Amino acid sequence: LVAAMMALRRLLVSAPRRSLCTPTAIDTTKGARWYETHYELRSLKYHQRLRVKCLHSEDETLPSLTPLFSACNWLEREIYDMYGIMFRDHPDLRRILTDYGTKDHPLRKDYPLSGYTEVRYDVDKKRVVIDDLELAQEFRMPDLTSTWRK
């Protein structure tokens, strides 16, 4: 995977008038934790598009394309923030859409829908308070059987 990405970087350096449209990622949950990272490239000279799909696991790091495309900086940071995919040699890999204290990544399949904490404003304390969220068991495991069938 890393060799293929490095070959892609060499190809992009030599390609005339290239542009990167949309890098994005998908959590496919195929087998072990598998992710797909997509890079869509466009050649302005040849009027063609190239989509590169990289299948990788959760613990693999991908080489950053930020040295080749400056717009990739923000988009790779977004992929890191939403999916937790790490990019090697990225100049500024930190969260941009979620809070810095967030441990999970919202677009993963294993992200809890209700969350673990509740953020609210307390009128008596006159500040924002973070409380642990406790839901009853019936809300955690809903009964999905139809009430119309008996």
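The values are calculated or read from the model by the stated rules, or taken from the named source; none is laboratory data. Predicted, not measured: the structure shown is a model, and the values here were computed from it. Cβ: placed from backbone, ideal geometry, glycine included. Neighbour counts: every protein chain shown. When the accessible area is computed, the model is the full protein with side chains, heavy atoms only, and any ligands, DNA or RNA have been set aside. Shrake-Rupley method; radii C 1.70, N 1.55, O 1.52, S 1.80 Å.
Right, ARG10: on the phi > 0 side of the Ramachandran plot, at pLDDT below 70, charged (D, E, K, R) and open to solvent by 60 Å² or more (accessible area, probe 1.4 Å) or not? Reasoning before the result, please.
Numbers: on the phi > 0 side of the Ramachandran plot: no; at pLDDT below 70: yes; charged (D, E, K, R): yes; open to solvent by 60 Å² or more (accessible area, probe 1.4 Å): yes.
No: the conditions fail for ARG10.
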*Inspect all residues belonging to the range 83-95 and state whether any of them is over 20 Å from THR22 (Cβ atoms), at pLDDT below 90 and part of a strand (DSSP E or B).*
no
*Among residues belonging to the range 22-71 that are among the β-branched types (Val, Ile, Thr) and modelled with pLDDT under 85, point out the one that is farthest from ARG108 (Cα to Cα).*
VAL52
*Could you tell me which of the residues ALA25, ALA71 is over 21 Å from ALA3 (Cβ atoms) and touching a residue at least 40 places away in the same chain (Cβ under 8 Å)?*
ALA71
*How many residues does the range 119-135 hold that are among the β-branched types (Val, Ile, Thr), farther than 21 Å from THR98 by Cβ and not in a loop (DSSP other than H, G, I, E, B)?*
0
*asked:* Please go through the range 30-60 and give me each residue that is touching a Phe, Trp or Tyr at 6+ places or on another chain (Cβ under 9 Å) and loosely packed, with under 14 Cβ neighbours inside 10 Å, ordered by number.
replied: ARG51, LYS53, LEU55, SER57
*Scan the range 103-150 for residues that are out of contact with any Ser or Thr (no Cβ under 6 Å at 6 or more places or on another chain), of a type in the set (Val, Ile, Thr) and either at pLDDT 70 or above or under 18 Å from MET82 (Cα atoms) (or both) and report the count.*
5
*Go through the range 37-48 and give me each residue that's in contact with a Lys or Arg (Cβ under 7 Å, 6 or more places away or on another chain) and touching a residue at least 40 places away in the same chain (Cβ under 8 Å).*
none
*Taking the condition within 13 Å of the chain's Cα centre (by Cα), within 19 Å of ILE26 (Cα to Cα) and either without any contact (Cβ under 8 Å) to a residue 40 or more places away in the chain or not in a loop (DSSP other than H, G, I, E, B) (or both), does ARG51 pass?*
no
_Test set (1) without any contact (Cβ under 8 Å) to a residue 40 or more places away in the chain; (2) more than 30 Å from VAL119 (Cα to Cα); (3) open to solvent by less than 60 Å² (accessible area, probe 1.4 Å); (4) polar (S, T, N, Q) - THR102 fails condition number_ = (2)
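Identify the residue in the range 84-97 that is open to solvent by less than 30 Å² (accessible area, probe 1.4 Å) and touching a residue at least 24 places away in the same chain (Cβ under 8 Å) and, among all such residues, is farthest from LYS109 (Cα to Cα).
HIS90
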